[in-house]
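Working notes for the structure below.
The values are calculated or read from the model by the stated rules, or taken from the named source; none is laboratory data. What you see is a predicted model, and the numbers here were worked out from it, not measured in a lab. FYI the Cβ positions are ideal-geometry reconstructions off the backbone, even for glycines, and counts take in every protein chain you see. These area figures cover heavy atoms from the full protein model, side chains too; ligands, DNA and RNA do not enter into them. Shrake-Rupley method; radii C 1.70, N 1.55, O 1.52, S 1.80 Å.
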Amino acid sequence: MPVLPGAEPYRHEGGEVGVLLCHGFTGSPQSLRPWAEYLAARGVTVSLPLLPGHGTRWEDMQLTTWQDWYAEVDRALKELLARCEQVFVFGLSMGGALTLRLAAKHGDAVRGIVLVNPGNKVHGVAAHALPVVRHFVPSTNGIASDIAKEGVKEIAYDKVPLHAAYSLRQFFRIVDAELPQVTQPMVVLHSPQDHVVPPADSARILSRVSSTDVKEVLLEQSYHVATLDHDAERIFEESWAFTGRLAPDVVGEKGSTSGG
């Protein structure tokens, strides 16, 4: 299936600082494209992959599992590690959970992480019914475009494929158990008004990671897809300041990274 216009993966060859960006469940790289371009404009090497089953049609996602999504970001991370001196991972929603697992598994190879409205659990009564219901009902209503800013639309599916949702539920449980293995410096930015992922998920993550260098930022003006919302610039600036603080030798004073 052809990729939806605007949902394509993004790559920028920059300097010795690399950033991997992980998009969310049923979403696409479009939700993180402005963030990726902000970093690219400052000389960062950027990788923003399209997760398997995403960016085409929801039926394609029914055939994928968390192992497929994680394998893609793991591959992209290894590419950046081979190319760059310092590598960071940033993620939105499920992309935050993918980020946390990469941090837990790769240890010091990941210099730092930034999470925006990270998911930690599939909530509600429906979550408990998923193991059975998914065999009878293929999909439910979508979770796309939870954005406060007028006229902004997220390129994402209008349906949630339930086989994939069940796999997501399993993945969240695995990542939750691995949170104590996360030791990297981190920034967690989350929206008090989020209609997809409740603030409790960020609180849970913050309480279970072993990281000691942690900053929490509230995104008061945004809903779930905060990277396309009123607080987008705040997210970009916080992540860039974080990167510059942790990689001062390879981030230049003029806001660009050294290297080819």
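When the Kirkwood radius is taken over all Cα pairs of the chain, what Stokes-Einstein diffusion coefficient follows at 4 °C and 1.567 mPa s, in µm²/s?
In µm²/s, the coefficient rounds to 72.
Find the relative contact order for the range 44-92 and round it to a whole percent, using C-alpha pairs within less than 8 Å whose residues are 6+ positions apart.
34 percent
Place a point 7 Å from the Cα of residue 245 along the Cα-to-Cβ direction; which residues of the range 78-104 have their backbone N under 18 Å from it?
87-91, by backbone N distance to the label point.
Please give me the summed charge of the neighbours of residue 204: other residues whose Cβ is under 11 Å from its Cβ, Lys and Arg +1, Asp and Glu -1.
0
In terms of modelled amide H atoms, which long-range or inter-chain residues lie less than 5 Å from the amide H of residue 114?
Residues meeting the amide H criterion: 89, 90, 91, 187.
So with the 1.4 Å probe, I'd like the accessible area per residue for the chain, rounded to whole Å².
42 Å²
Here are some pairs, 121/153; 149/215; 105/215; 121/215; 78/153; which of them have Cα atoms lying more than 27 Å apart in this structure?
Going by Cα-Cα distance, 78/153 fall outside the 27 Å limit.
At 222 nm, what value in deg cm²/dmol follows for the chain if DSSP H runs of at least 4 each add -39500 (n - 2.57) and the sum is divided by all its residues, to the nearest 500?
The helix-only estimate for the chain comes to -11500 deg cm²/dmol at 222 nm.
Would you mind telling me the antiparallel percentage of the DSSP bridges in the chain, rounded to 5?
Around 25 percent antiparallel, to the nearest 5.
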